[in-house]
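Engineer: Structure in structure tokens, see below.
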Amino acid sequence: MKNLAIVIGIDKYKNNNDLIACKNDAKDMYEIIKESKKYDDIVYFNGEYTNREILKKLEELKIKSKDEEIGEIFFYFSGHGFSENNELFYVTTNTENNKINTTSLKNSEIDALFRDLNPNLYVKVIDSCQSGISYIKDIDEGILFEKAMNETKKEFKKCFFMFSSLRNQYSYVMEDNKRSFFTNSFIEALIYYKDQENVKYSEISNYMADYFRDKEKQTPFFITQTDMLDEFVKYNKELIVLLSNINNDKDKENIDENKEVKEDIKSKIIEKLSMCATKEEAKIFTDTIIKLFSQCSIEKSILNEYFNESKEMNDEINKIPKKKIIANWIYENKRELGLFAKTKLEEERKSKLYPLFNLSMSIYGEEKESTYEFEITEKEICSNIKIIITPKELGLEKYELNLVLIPSFSKIYVFQTFVKNIPITWGEYEYDNMNEWKMKEFCIKKDMEEIKNFVEETFNNFIEYCTSQLNELLK
């Protein structure tokens, strides 16, 4: 019976932030896999790779193994990643954010490759780190994602998936950038149990759950169709030496860190202060965004014949749709990013239907649902930009481009979405649906030249959105 392992670490990106820790994560995981002597074939990628290069090697592995009985397939990935609707994407060096389906590794593609090999056990360990452009999701999309993973479960005899964070969270690296917290906890679990004969997946997951108990911003989650009592590796002399060296390196790094702590703190303070902008610089930056959006026009598009265009630049954020998504983001990142915004927890009582045990009856009750409101605390900087496309005649829909600007000492965080409003009577409209909130961050001192491209791209995408919605309406 043959066991296969795939270890992928992508640390260099053309269109996203580089991730130093991913290279170290993948290297350590590969060394552990290799020294375990459990896996007959190991496919290893670490550094800069495109989705096509990786898929080609995986297809070769499949062809090579198709006539053999497969005991376990172990798949590890460290790098950027995100979920959209019911698909999970592994971002590779060449991935483009606007061509995610054709330039990344899709979770469904990986599953399809290995499905025909019919392994007795299929294990995925996914350590996906924070991306430069964040796709902020509503909770419903998280449910769709978990549903997709559950569909995958049905396609394999036994499977176990380990993900580094919940769908609406980021994954974080350790302060020295040597390794991510998630992969570090996996390796620490192996070190913790090294006096045993072997270590089971259940023991690793239990250790990792304890490791993250006090880390509120990152919560790994596991999806399983097994009791997880399957063995990950047996300990041998080479593996124990490797784990001891990893542990000793960690102890040595702690000693070195204590010696250099003063210099490190000093350099970080100098770096942080050098990035801080004055209020005047921040205002010039946001005023430039406002000016460029005010110059945008539908005049050259087909929309101009049937719609009027208006613009609002103010501090009015009470009427933006699904603002709790932004509020939750502010709550989770306020201190770390130094955001000039604050949140307020609000509780809303909602009716809920409760089924009675062993009876075909239900009763109504109430439960509390906590949501966050937010406000921008810097009042001299515009926080809301809205472009409204209103029909000149009756019978058409109204569309909006909504932007929320959240400042800090060094950056401006811009959330954007497109909104559709449908008519409810003559001349009156109500919210119908919207695109996901999409966030981009700008460094006030460095990114002034990027604003023009951002505004042009955003407005062009808005025109495409309006045109597409109009075509849907006219079908």
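Engineer: Taking the condition of being within 28 Å of Cys443 (Cα to Cα), at pLDDT 90 or above and in contact with a helix residue (DSSP H, G or I) (Cβ under 8 Å, 6 or more places away or on another chain), how many residues in segment 303-321 meet it?
Structural biologist: Residues in segment 303-321 being within 28 Å of Cys443 (Cα to Cα), at pLDDT 90 or above and in contact with a helix residue (DSSP H, G or I) (Cβ under 8 Å, 6 or more places away or on another chain): 2 in total.
Engineer: Testing Ala209 on (1) within 26 Å of Ile126 (Cα to Cα); (2) at pLDDT 95 or above; (3) part of a helix (DSSP H, G or I), one condition comes back false. Which one is that?
Structural biologist: For Ala209, the failing item is (2).
Engineer: Let me ask you something else. Regarding segment 412-425, can at least one residue be identified that is without any contact (Cβ under 8 Å) to a residue 40 or more places away in the chain, surrounded by 20 or more Cβ atoms within 10 Å (Cβ to Cβ), touching a strand residue (DSSP E or B) at 6+ places or on another chain (Cβ under 7 Å) and within 20 Å of Glu309 (Cα to Cα)?
Structural biologist: First, the residues of segment 412-425 that are without any contact (Cβ under 8 Å) to a residue 40 or more places away in the chain: 421-425.
In the following step, the residues that additionally are surrounded by 20 or more Cβ atoms within 10 Å (Cβ to Cβ) were identified as 421.
Pick out the ones that are also touching a strand residue (DSSP E or B) at 6+ places or on another chain (Cβ under 7 Å) and you get 421.
Right, trim to within 20 Å of Glu309 (Cα to Cα) and you get 421.
So far as segment 412-425 goes, yes, one or more of its residues are without any contact (Cβ under 8 Å) to a residue 40 or more places away in the chain, surrounded by 20 or more Cβ atoms within 10 Å (Cβ to Cβ), touching a strand residue (DSSP E or B) at 6+ places or on another chain (Cβ under 7 Å) and within 20 Å of Glu309 (Cα to Cα).
Engineer: Is one or more of the residues making up segment 347-360 modelled with pLDDT of 90 or more, out of contact with any Cys (no Cβ under 8 Å at 6 or more places or on another chain) and assigned to a strand (DSSP E or B)?
Structural biologist: Looking for residues that are modelled with pLDDT of 90 or more, out of contact with any Cys (no Cβ under 8 Å at 6 or more places or on another chain) and assigned to a strand (DSSP E or B), one finds none in segment 347-360, hence no.
Engineer: Next question, about the same structure. Can you name the residue in segment 11-41 that is modelled with pLDDT of 90 or more and among the small types (Gly, Ala, Ser) and, of all such residues, is surrounded by the fewest Cβ atoms within 10 Å (Cβ to Cβ)?
Structural biologist: So, considering only residues that are modelled with pLDDT of 90 or more and among the small types (Gly, Ala, Ser), the one surrounded by the fewest Cβ atoms within 10 Å (Cβ to Cβ) is Ser36.
Engineer: Considering only segment 94-106, I want to know if a residue exists there that is touching a residue at least 60 places away in the same chain (Cβ under 8 Å) and on the phi > 0 side of the Ramachandran plot.
Structural biologist: No, because not a single residue in segment 94-106 is touching a residue at least 60 places away in the same chain (Cβ under 8 Å) and on the phi > 0 side of the Ramachandran plot.
Engineer: Condition test on Gln196, is it polar (S, T, N, Q), touching a helix residue (DSSP H, G or I) at 6+ places or on another chain (Cβ under 7 Å), in a loop (DSSP other than H, G, I, E, B) and at pLDDT 55 or above? Lay out the reasoning, then the answer.
Structural biologist: Working: polar (S, T, N, Q): yes; touching a helix residue (DSSP H, G or I) at 6+ places or on another chain (Cβ under 7 Å): no; in a loop (DSSP other than H, G, I, E, B): yes; at pLDDT 55 or above: yes.
No; evaluated as a whole, the condition is false for this residue.
Engineer: Among Lys323, Lys311, which is of a type outside the set (Phe, Trp, Tyr), touching a Cys at 6+ places or on another chain (Cβ under 9 Å) and on the phi < 0 side of the Ramachandran plot?
Structural biologist: Lys311
Engineer: Report yes if some residue within segment 385-396 is touching a residue at least 40 places away in the same chain (Cβ under 8 Å), within 25 Å of Lys324 (Cα to Cα) and acidic (Asp, Glu); otherwise report no.
Structural biologist: No, there is no match, as no residue in segment 385-396 is touching a residue at least 40 places away in the same chain (Cβ under 8 Å), within 25 Å of Lys324 (Cα to Cα) and acidic (Asp, Glu).
Engineer: So if I check each of Lys300, Lys324, which one is surrounded by 10 or more Cβ atoms within 10 Å (Cβ to Cβ) and at pLDDT 60 or above?
Structural biologist: Details: Lys300 fails: surrounded by 10 or more Cβ atoms within 10 Å (Cβ to Cβ).
Exactly one residue qualifies, and that residue is Lys324.
The values are calculated or read from the model by the stated rules, or taken from the named source; none is laboratory data. Only a predicted model underlies this, so the values are computations on that prediction, with no experimental measurement involved. Here Cβ is always computed from backbone atoms with ideal geometry, including for glycine, and neighbour counts include all displayed protein chains.
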